[in-house]
C-alpha cells in the first residue's frame, strides 16, 4: 500500500509534468526549445533570446570540461535543445530524462530532425529516482530542474551514484540574494518550485551527497537582471506568437515574465554551480 509520502511525491510529479506539458508549445516557439534562462553581457548586448540561452548552455559545458565521447545525463531535459546543442558542439553522447511526456516527444522529434537520434536519447522518467547502473555517466547537467524535486538529498544521492568517480555535475538555478527565506519560498511557489536557495544553501546538500565543490559562478546581473530583454522579445514577436497562440496567451506570457523578473538582480541572483564526485 502506498504511504502518504509516496502519494504526495507522485502528486507533486504529476503537477510538475502537467505544468510543463501545458507550457511546452509556447516555450518551443518563444525560445526554440531552450527552456532555461539566458545570458547577456550588458544592456547593449544585441544577442537574441535564443543566442543568449545557448551562451548559458555553453557556460555549463565549459564548467564540466566536456570532451568528445563523454556520456552525459541531462536531468530535466525540457524540450531537448540544450542536449542537442551539447551533442553538436562538444560531440558528447547524451541522455535526457524528463517527466513531461509531451516535452520528451518534442525533444525526440527535434533529435530526429537534426540527425542526432543515435547520439542523443530522451526518456520519460523521474530524475529523482534513476534506474541507471552505477557509474553510467561522465557528467550530469541539471539546468533549472532541481528546484522541482520533493527530496533534494535523495535526488542528489541518485545523481552521485550514476556518475563515475571524477565525474562532474553542473547545475544552474536562480538564487536567493536579498530576499528573506519566507519571501524566497513565496517567489519559488509562484513558478511551481519547492524553494529558492542561496549558493551556500546549495553547497551544503551537495557536500552531504558526497560531492566536492569545484566552482560557483554568480552571474545574476547578466541573467536575472536582464528581464527587460525577455519583455522586448515578446513585444518584437507579438504578432507571430499571437497568430499561433492568441493575443490572450501572449499577454499572459508577458505578464508572467514581468512578474518573474520584478524582484531584480539585487534580490535574486543566478548561479552556475559545478561539483565533482571524488575519484576515490
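Between residue 131 and residue 189, what length in nm is gained on full extension when 0.36 nm per residue of separation is reduced by their alpha carbon distance?
Separation in residues times 0.36 nm, less the Cα-Cα distance, equals 18.0 nm.
Can you give the relative contact order of the chain as a percent, counting alpha carbon pairs under 8 Å and 6+ residues apart?
19 percent
If we count other beta carbons within 10 Å of each Cβ, what is the order of 41, 90, 270, fewest first?
Details: 41 11, 90 19, 270 25.
Arranged by neighbour count, lowest to highest, 41, 90, 270 become 41, 90, 270.
For the range 143-160 and the range 199-244, what is the separation of their C-alpha centers, rounded to whole Å?
Here the answer is 17 Å between Cα centres.
Taking R0 as 30 Å, what's the FRET efficiency between residue 208 and residue 50 from their Cβ-Cβ distance, rounded to 0.05?
For residue 208 and residue 50, the calculated efficiency is 0.25.
How do 99, 50 line up, fewest other C-beta atoms within 10 Å first? Please report the intermediate quantities before stating the final value.
Working: 99 21, 50 16.
Going from least to most buried by this count: 50, 99.
What residue among 243, 117, 209 has the largest mean-square fluctuation in a Gaussian network model of the chain, using Cα springs under 10 Å?
243
Calculate for the chain the 222 nm mean residue ellipticity that helices alone would give, adding -39,500 (n - 2.57) per DSSP H run of length 4 or more and normalising by residue count, nearest 500 deg cm²/dmol.
So the helix-based figure for the chain works out to -15000 deg cm²/dmol.
Run through the DSSP bridge list for the range 4-276 and note the antiparallel percent, rounded to the nearest 5.
45 percent
Every read-out reported here was derived from the displayed coordinates using simple, explicitly stated rules and does not represent laboratory data. Computed from a predicted model, the values in this text were never measured in an experiment. In this analysis, Cβ positions are derived from the backbone assuming ideal geometry, glycine residues included, and neighbour counts consider all displayed protein chains.
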